[in-house]
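*Asks:* Dumping the structure here so I can ask a few things about it.
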Amino acid sequence: MHVGSTEGYSFPYALCISVLKDLETLVEVVGQQYFGDEKKWNFIAITEAMKVLVRLALFRNNGYKMLLHGGETPNDEMHVEASTPQRNIGGFTKPGLQLGPGYLRNNHGQYSWNLEGRALSTLNRFGENARMVSEPVWLRRVQHQQAIMEPPTPVVEKLTLSTLWSEKSLRGAFYVFGEALFITRPLIYVLFIRKYGVRSWIPWFLSLAVDFTGMGILSRIESSRDGTKEQHFHLSVAEKNEVKRRKLLWALYLMRDPFFSKYTRQKLESAEKVLEPVPIVGFLTAKLVELLIGAQTRYTYMSGS
């Protein structure tokens, strides 16, 4: 687990997701060995359903923040607008949060929880503890009474669906729906493969449509800038990198059947024949084609999950 993880990571979600992904590989091999190509999808669907439940629980428990690398990387980056201190939960900013000494301004005027900030925060707490030891008891009691009379410090609250709806209306609802599509896409794909078979175009097109829809929703609400008082949708640096990663994963659709069998494999074999007479290059190309063909089954449903 990463240092600085939020309370939502008290349960080891990242570890659980990693274990389920590794377990899915074992389930596929064992299922195919003992139950055949068709019935193995029943066990794969069960494993995918378990991953969906864990990821949805993580998504909710972490204040509806975007999942990074399918939930295997904690999304605990704090980012605030440069003009006014704000809290950011699930990609939405809200004014009213005062940041502690561990947050430093970067070159763009934004705050970041970095190593220097953490060191300063640790030194600050150490100084406070040393001061409390040297002060007399009666003075600490007076300060304690004053602290009771002072208003409490604002607490960062996790975003809930009701709060998200009241603050962001349809924009917040679409954001949650887009993330839910990304989370459930592998399960939807496996279920349709189980029904129509891996050679059918229906699961392929449906999975691609789900990916396009989710990414289109996210791009739309991120770029929308209306004149209302609604909070703007803002992505952190890690979340922007995650969006780029998801787009790059679309290239793996070339490795999925039936597209792979009808188009990609033919192109790979043609390139192998052309480069075969070339020393070293032909040998490396043949090994690469063999590797891609052998790994193709893992790209059938696992890409992007």
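*Asks:* What pairs in K51/K262; K65/K244; K51/K267; K240/K287; K21/K65 have C-alpha atoms more than 27 Å from each other?
*Replies:* Distance filter (> 27 Å) returns K51/K262; K51/K267; K240/K287.
*Asks:* Okay, next question. What is the list of residues in the stretch 197-215 whose amide nitrogen lies under 11 Å from a point 7 angstrom out from the Cα of F177, following Cα to Cβ?
*Replies:* The answer is 214, whose backbone nitrogens lie closer than 11 Å to the label point.
*Asks:* Follow-up. Once label points are set 7 Å from the Cα along Cα→Cβ at both L288 and F205, what is their separation, rounded to one decimal in nm?
*Replies:* Once both label points are built, they end up 3.2 nm from each other.
*Asks:* Now for a different question. Starting from 0.36 nm per residue, how many nanometres of slack lie between S10 and S219 once their C-alpha separation is accounted for?
*Replies:* 72.1 nm
No value in this document is a laboratory result; all are computed from the given coordinates. This is a predicted model, so every value here is computed, not measured. Note: ideal-geometry Cβ built from the backbone for every residue, glycine included; neighbour counts use all protein chains shown.
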